[in-house]
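The values are calculated or read from the model by the stated rules, or taken from the named source; none is laboratory data. Just so it is clear, the structure is predicted and the values come from calculations on it, not from any experiment. Positions of Cβ are backbone-derived with ideal geometry, glycine not excepted, and every protein chain shown enters the neighbour counts. Areas reflect the complete protein model, heavy atoms only, side chains present, ligands, DNA and RNA absent. Shrake-Rupley method; radii C 1.70, N 1.55, O 1.52, S 1.80 Å.
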Amino acid sequence: MSLKKKKVEGEGNGPRRPKTTAAQIRLQKDLGDMDKLPGTMHLSFPDANDVFNFELTIRPDEGFYFGGTFRFTFRVNSNYPHEPPKVLCTQKIYHPNIDLDGNVCLNILREDWKPVLNINSILVGLQYLFLEPNADDPLNKDAAEVLRSNRRLFEQNVTRSMRGGSVDGVTFADVMR
Amino acid sequence: MALPTVTQSLPDADRRWRDIYRYLDRPGPFMAEGFEAGAAVKEFLHSIKILVVGAGGLGCELLKDLALTGFTDIHVIDMDTIDVSNLNRQFLFRASDVGKAKAEVAASFIMRRIPGVKITPYFGKIQDKDEEYYNQFTIIICGLDSVEARRWMNATIINMYDEDDPETLKPIIDGGTEGFKGQSRIILPHMTACYECSLDMQTKPTTYPMCTIANTPRLPEHCIEWASVLEWPREFPDKKLDGDDPEHIKWLLDRASTRARHYDITGVTYSLTQGVVKNIIPAIASTNAIVAASCATEAFKIATNCATPMNNYMMYVGDQGVYTYTFELQKKEDCPVCGAVAIKIQVSPSATLQDLIDLLLDRKDIQLKKPSLRTSATSLYMQAPRALQEATRPNLSKCLSELIRDGEEVTVTDESLPISIQITVRFE
């Protein structure tokens, strides 16, 4: 049978049978190559063996959010990189693109995700949200409205919220510690 | 016309497969190179085991097509039970079968209808089965409904290949449909592009910008996404949304309808809610029939060599007339599944992880600079991020026998390498 002939001809580059999934390999590559993270970002792993679940800390070194420490959880599923990781902010913060439940409006986390993007692309995107909050894609509509109409007031609101103060009756997490 | 021994016992075998035998009994100018007509090829067709993965829309068609094409030892695997909404196209099922296992009902239907064909069902997940199970088949043919399941099948079958055992090379024929569109393709592990090679070609599930669903809904889908993505986790932080639970869908429908009314949007219905949550694309029965026919035909050609199999991807678009185009998808050199370099390494069990890394760094053929090493379950040594590097650094001085089992696979990645390396570590 030709099927058998094909088999003999089909000598590849050697045997391989990892139980490691394609998602794991890709994630290992994404993470293992991230040795040049800027000092403003830190990744931590509750379980070093579980690379699918980790936490990100961002400390912006300029902009409205300078001085704060912002924490996110990343959950990557076995369909990565076909599907993007799920990213949530674990603190209640005052930000036009992050709602009070921690959902993040970042295009590459949803509609513009592509398998060529990687974990690093998301970190860059999140960092950018703190440098340039975007009033055009609001998740926190009130914050976006203030940013659009009165930058001074927005700045004051951010500063107050970051110290654990309240804005419009909502108390925010103290991110200055 | 000589009858192959397997089917001699069947009274009408020569008539049942008369037309098939016309192709197999004599050589001709259009046969594929190396085709040998006669009893042996018929015997081979009737005796090989073929696995149908999925017994849904494509699976029903595939089982019928294969059984009528002369495959007589067919296995079928499916984890689903029959739902009333399947009955319009999954024609092996009747209303009285609702709730029963698809694989089992489909198998008994075909066996009742086509004597002489043996179908062995397995009601369960593809992940339940190991290499030993998949290794018994000559051809694997898939009628799956998700990218995830296809990636798993693809990686499993490709990783099974062992150059010392040619029997481990299994052609995969993969069919897929989405409404009026479909595709069929042949994957010959390590010879053609695999599923992972072309992963970035897959359309991803429809999603809407978070800020649109949160603030400026215009479509009924926006309202449903708002209910499922934002409201559900707020209301039930610890309960996972289950698209198959009518209670869950009803809750979403309620919330979404209220929001739709507020924004003057119409069209939020129960079935749309379930469709958005489960990302359902309405199935077209004839698309399944066309794609399955292509897959079964390719299986027949591969099994008998009576004609040249397609090379290697057929797309079908049926929404404006009929358009198909067959082309060769290229193998991706840095594919994480079929592009991975595999090497075997012999070390003393008392060697340390650092010794193993030094051994890898010394090899001129792979040119590593900063390798990160993991097994499927543990991080052995990661160069980055810093927290992982610090957590895994103590492993460097540990004996390999403390960290891995004899013969375990270790995945190596390196920023200077676009591909990954799979090493099998054997202890001396």
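Just wondering, is there one or more residues in the range A:44-55 that are more than 12 Å from every other protein chain (Cβ to nearest Cβ) and at pLDDT 95 or above? Taking every residue of the range A:44-55 in turn, at least one turns out to be more than 12 Å from every other protein chain (Cβ to nearest Cβ) and at pLDDT 95 or above.
For the range B:80-116, the tally of residues that are open to solvent by less than 10 Å² (accessible area, probe 1.4 Å) and more than 25 Å from the chain's Cα centre (by Cα) stands at 1. Go through the residues of the range A:72-85 one by one and say whether even a single one is more than 30 Å from residue B:156 (Cα to Cα) and under 12 Å from the mean Cα position of the chain (by Cα). Checked against the condition, which is being more than 30 Å from residue B:156 (Cα to Cα) and under 12 Å from the mean Cα position of the chain (by Cα), the range A:72-85 yields at least one hit. For the range B:235-249, a residue qualifies if it is surrounded by 12 or more Cβ atoms within 10 Å (Cβ to Cβ) and over 31 Å from the mean Cα position of the chain (by Cα), and exactly one does: B:236. Please go through the range B:163-182 and give me each residue that is open to solvent by 30 Å² or more (accessible area, probe 1.4 Å) and within 13 Å of another protein chain (Cβ to nearest Cβ), ordered by number. B:163, B:164, B:165, B:166, B:167, listed by residue number.
I'd like to verify a number: residues in the range A:56-84 that are more than 14 Å from chain B (Cβ to nearest Cβ), at negative phi and assigned to a loop (DSSP other than H, G, I, E, B), how many? Total meeting the criteria: 9.
Taken across the range B:204-219, residues that are within 11 Å of another protein chain (Cβ to nearest Cβ), under 23 Å from the mean Cα position of the chain (by Cα) and touching a residue at least 40 places away in the same chain (Cβ under 8 Å) do occur, with at least one present.
For the range A:95-117, the tally of residues that are in contact with a Ser or Thr (Cβ under 9 Å, 6 or more places away or on another chain), outside any loop (DSSP other than H, G, I, E, B) and hydrophobic (A, V, I, L, M, F, W, C) stands at 1. Take the residues in the range B:264-296 that are without any contact (Cβ under 8 Å) to a residue 24 or more places away in the chain, out of contact with any helix residue (DSSP H, G or I) (no Cβ under 6 Å at 6 or more places or on another chain) and outside any loop (DSSP other than H, G, I, E, B); name whichever of them is least open to solvent (accessible area, probe 1.4 Å). Going through the qualifying residues, I end up with B:275.
Picking from residues in the range B:389-416 that are at the interface with chain A (Cβ under 7 Å from one of its Cβ atoms) and modelled with pLDDT of 95 or more, the one that is nearest to residue B:427 (Cα to Cα) is B:392. Scanning the range B:139-167 for residues that are in contact (Cβ under 8 Å) with a residue 40 or more places away in the chain and in contact with a Leu (Cβ under 9 Å, 6 or more places away or on another chain) gives B:139, B:140, B:141, B:142, B:143, B:144, B:145, B:147, B:150, B:151, B:153.
For residues in the range B:17-48 being more than 30 Å from the chain's Cα centre (by Cα) and acidic (Asp, Glu), which is most open to solvent (accessible area, probe 1.4 Å)? So, considering only residues that are more than 30 Å from the chain's Cα centre (by Cα) and acidic (Asp, Glu), the one most open to solvent (accessible area, probe 1.4 Å) is B:36. Applying a threshold of 7 Å to beta carbon distances and a minimum spacing of six or more residues, or different chains, the list of pairs starting in the range A:60-72 at a residue that is closer than 16 Å to residue A:123 by Cα and ending at one that is part of a loop (DSSP other than H, G, I, E, B) and open to solvent by 10 Å² or more (accessible area, probe 1.4 Å) reads A:60/A:40; A:60/A:66; A:61/A:40; A:69/A:59; A:70/A:91; A:71/A:90; A:71/A:91; A:72/A:90. The helices (runs of 4 or more DSSP H) found entirely in the range B:15-98 that carry 2 or more residues being closer than 22 Å to residue B:178 by Cβ, small (Gly, Ala, Ser) and in contact with a Lys or Arg (Cβ under 8 Å, 6 or more places away or on another chain) are B:57-69.
When residue A:136 is tested against the conditions (1) within 30 Å of residue B:198 (Cβ to Cβ); (2) open to solvent by 80 Å² or more (accessible area, probe 1.4 Å); (3) within 12 Å of chain B (Cβ to nearest Cβ), the lone failure is (1). No other residue among B:148, B:196, B:231 is surrounded by 20 or more Cβ atoms within 10 Å (Cβ to Cβ), within 13 Å of another protein chain (Cβ to nearest Cβ), of a type outside the set (Val, Ile, Thr) and within 30 Å of residue B:243 (Cα to Cα) apart from B:196. Of a type in the set (Phe, Trp, Tyr), away from chain B (no Cβ under 14 Å) and within 21 Å of the chain's Cα centre (by Cα), is that true of residue A:154? No: the conditions fail for residue A:154.
Looking at B:51, B:62, just one residue is in contact with a Phe, Trp or Tyr (Cβ under 6 Å, 6 or more places away or on another chain) and open to solvent by less than 10 Å² (accessible area, probe 1.4 Å), and that residue is B:51.
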